[in-house]
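Q: Okay, here's the structure, questions in a sec.
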């Protein structure tokens, strides 16, 4: 997985009946395009053409945490 990072998107959604906020997450494989990203950094991703079998997002901008 060269030039690839795995980005986890976490969102909070209310339970349909009880209205308690629940965490829902999804992981995406993202092309780095030469960006240097460390574990814990905040990044913005954008959908692109398929780069490989599982990779169809790229880093738009990176922010350090």
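Only the coordinates and a few stated rules stand behind these numbers; no lab work does. Computed from a prediction, not measured in an experiment: that's the story for all the values here. All Cβ positions, even for glycine, are placed from backbone atoms using ideal geometry, and neighbour counts span all protein chains on display.
Q: If residue 34 satisfies every condition in (1) free of Cβ contacts under 8 Å to residues at least 40 places away in the same chain; (2) assigned to a strand (DSSP E or B) but one, which is the exception?
A: Of (1) free of Cβ contacts under 8 Å to residues at least 40 places away in the same chain; (2) assigned to a strand (DSSP E or B), only one is false for residue 34: (2).
Q: Checking residue 44 against (1) in contact (Cβ under 8 Å) with a residue 24 or more places away in the chain; (2) assigned to a strand (DSSP E or B), which single condition isn't satisfied?
A: (1)
Q: When you go through 29, 23 one by one, which is the residue that is assigned to a strand (DSSP E or B), surrounded by fewer than 10 Cβ atoms within 10 Å (Cβ to Cβ) and either touching a strand residue (DSSP E or B) at 6+ places or on another chain (Cβ under 9 Å) or touching a residue at least 24 places away in the same chain (Cβ under 8 Å) (or both)?
A: 23 is the lone residue from the list that is assigned to a strand (DSSP E or B), surrounded by fewer than 10 Cβ atoms within 10 Å (Cβ to Cβ) and either touching a strand residue (DSSP E or B) at 6+ places or on another chain (Cβ under 9 Å) or touching a residue at least 24 places away in the same chain (Cβ under 8 Å) (or both).
Q: Quickly run through the stretch 38-55 and pick out the residues that are surrounded by 16 or more Cβ atoms within 10 Å (Cβ to Cβ) and either more than 9 Å from the chain's Cα centre (by Cα) or more than 20 Å from residue 11 (Cα to Cα) (or both).
A: Hits for the stretch 38-55 are 51, 55.
Quick grid of which residues meet (1) surrounded by fewer than 10 Cβ atoms within 10 Å (Cβ to Cβ); (2) in contact with a strand residue (DSSP E or B) (Cβ under 7 Å, 6 or more places away or on another chain); (3) at negative phi:
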| site | (1), (2), (3) |
| --- | --- |
| 7 | no, yes, yes |
| 10 | yes, yes, yes |
| 14 | no, yes, yes |
| 33 | no, yes, no |
